[in-house]
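In what follows, a structure is listed as structure tokens, so that the remarks can point back to it.
The values are calculated or read from the model by the stated rules, or taken from the named source; none is laboratory data. Just so it is clear, the structure is predicted and the values come from calculations on it, not from any experiment. Cβ sites come from the backbone with ideal geometry, for glycine too, and all protein chains shown count toward neighbours.
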Amino acid sequence: MHRDRKIALVVPAFRAQATLDVFLNSIPSLFDVVYVIDDASPDGQYLVVESCRARDKRIRLVRLPLPQGVAAAIAMGYERASADRADIAVVADPNGSMNLLEVTRLLNPIIDRQADFTKGNRFGLTENTIQSMPPIQFSLERFVAFLVRRATGFSVQDPEDRYTAISRRAMERINWLVPAAPRAYALNFLIRLSAYGFSCVEVPRTTTEKTVGRSGIAGALHLFTVLPMLTKALLRRLRFKLFYEKIYV
């Protein structure tokens with residue numbers, strides 16, 4: 001519990017056997033329930049989860065029959081958290097790059113009704129994150145962030161950070177089981193939230209990731225992948241502002 005709210009932790013896991021034990025044994029006490037979503041991983045990570053669950057009754061293992069990608073794993077976690085009446089669901093990777101001791105930065109804006117969805121910003125507190133990036137890579141990351149701001153109206157600097165928290169209202173209103181592109185699911189989630197009128201707040205966080213983002217070539221390919229999705233979202237938002245907002249708001 002945190003400030004009298006039930007807090008769930010959703011952990012999408014695939015080939016995470018090497019890091020799951022340390023991660024699950026270091027989860028702070030404010031989390032009331034932990035859903036480890038095993039995306040049909042071929043390694044023995046489910047055995048690690050079973051072992052940790054014997055020591056920590058908060059942990060629940062959900063095994064998907066076939067690999068469906070991280071978006072589907074998160075959607076399943078949202079579904080379980082909503083069914084168990086969690087007030088907020090936090091998503092964190094089991095690789096140790098997301099400091100769970102900083103989770104209240106994500107929780108408080110939702111509890112204070114400043115946002116329905118909060119996400120981390122890896123560029124906010126760690127200067128070497130930016131300094132270690134080649135100029136081309138940094139420019140691509142900034143350009144994608146610019147497009148996301150225009151397409152969603154959210155003031156975000158790091159739109160693809162996966163450390164997030166969501167309110168029960170947003171979990172229940174949006175059909176998260178609708179498939180999202182695996183490599184662009186974070187952007188797709190922001191677009192869905194914007195389309196439904198939910199709000200998003202970005203909070204700075206520390207990270208242990210050695211590299212953030214993609215290489216120049218991979219970043220360019222990713223840009224071409226997400227550009228149609230962001231363009232469509234931008235046009236939809238402009239259409240609303242030009243034709244509907246002036247009439248009905």
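Give the residues of the stretch 56-71 that are modelled with pLDDT of 95 or more and outside any loop (DSSP other than H, G, I, E, B), sorted by residue number.
59, 60, 61, 62, 63
Pairs please, first residue from the stretch 69-83 and within 18 Å of residue 193 (Cβ to Cβ), second anywhere and modelled with pLDDT of 95 or more and surrounded by fewer than 20 Cβ atoms within 10 Å (Cβ to Cβ), Cβ atoms under 6 Å, 6+ apart in sequence or on different chains.
Cβ pairs passing all conditions: 82/172.
Condition check: in a helix (DSSP H, G or I) and closer than 30 Å to residue 38 by Cβ. Does residue 140 satisfy that? Show your work before the answer.
Working: in a helix (DSSP H, G or I): yes; closer than 30 Å to residue 38 by Cβ: no.
Spelling it out, it is not the case that residue 140 is in a helix (DSSP H, G or I) and closer than 30 Å to residue 38 by Cβ.
Counting only residues that are buried (at least 21 other Cβ atoms within 10 Å of the Cβ) and either of a type in the set (A, V, I, L, M, F, W, C) or in contact with a Leu (Cβ under 6 Å, 6 or more places away or on another chain) (or both), how many does the stretch 32-51 have?
7
Identify all residues within the stretch 73-104 that are among the hydroxyl-bearing types (Ser, Thr, Tyr) and in a helix (DSSP H, G or I); write none if there are none. Working first, answer last.
If we filter the stretch 73-104 for residues that are among the hydroxyl-bearing types (Ser, Thr, Tyr), which is where we start, we get 78, 82, 97, 104.
The answer is 78, 82, 104.
Assess whether residue 156 counts as being among the β-branched types (Val, Ile, Thr), more than 25 Å from residue 26 (Cβ to Cβ) and assigned to a loop (DSSP other than H, G, I, E, B).
Numbers: among the β-branched types (Val, Ile, Thr): yes; more than 25 Å from residue 26 (Cβ to Cβ): yes; assigned to a loop (DSSP other than H, G, I, E, B): yes.
When the stated conditions are applied, residue 156 passes them.
For the stretch 13-25, does any single residue satisfy the condition of being in contact (Cβ under 8 Å) with a residue 60 or more places away in the chain and assigned to a loop (DSSP other than H, G, I, E, B)? Write out each step before concluding.
So in the stretch 13-25, the residues in contact (Cβ under 8 Å) with a residue 60 or more places away in the chain come out as 13, 16, 19-20, 22-24.
Filter once more, keeping what is assigned to a loop (DSSP other than H, G, I, E, B): 16.
Scanning the stretch 13-25, I find at least one residue that is in contact (Cβ under 8 Å) with a residue 60 or more places away in the chain and assigned to a loop (DSSP other than H, G, I, E, B), so the answer is yes.
Can you find even one residue in the stretch 34-45 that is assigned to a helix (DSSP H, G or I), without any contact (Cβ under 8 Å) to a residue 12 or more places away in the chain, more than 16 Å from the chain's Cα centre (by Cα) and over 20 Å from residue 164 (Cβ atoms)? Talk me through it step by step, then tell me what you get.
First, the residues of the stretch 34-45 that are assigned to a helix (DSSP H, G or I): 45.
The next check asks that each one be without any contact (Cβ under 8 Å) to a residue 12 or more places away in the chain; those that pass are none.
No, there is no match, as no residue in the stretch 34-45 is assigned to a helix (DSSP H, G or I), without any contact (Cβ under 8 Å) to a residue 12 or more places away in the chain, more than 16 Å from the chain's Cα centre (by Cα) and over 20 Å from residue 164 (Cβ atoms).
When the residues of the stretch 157-172 are filtered to those that are in contact with a Lys or Arg (Cβ under 6 Å, 6 or more places away or on another chain) and modelled with pLDDT under 95, which remaining residue is surrounded by the fewest Cβ atoms within 10 Å (Cβ to Cβ)?
Only one residue fits best here, namely 161.
State the number of residues belonging to the stretch 44-55 that are among the aliphatic types (A, V, I, L, M) and either farther than 13 Å from residue 20 by Cα or at pLDDT below 95 (or both).
1
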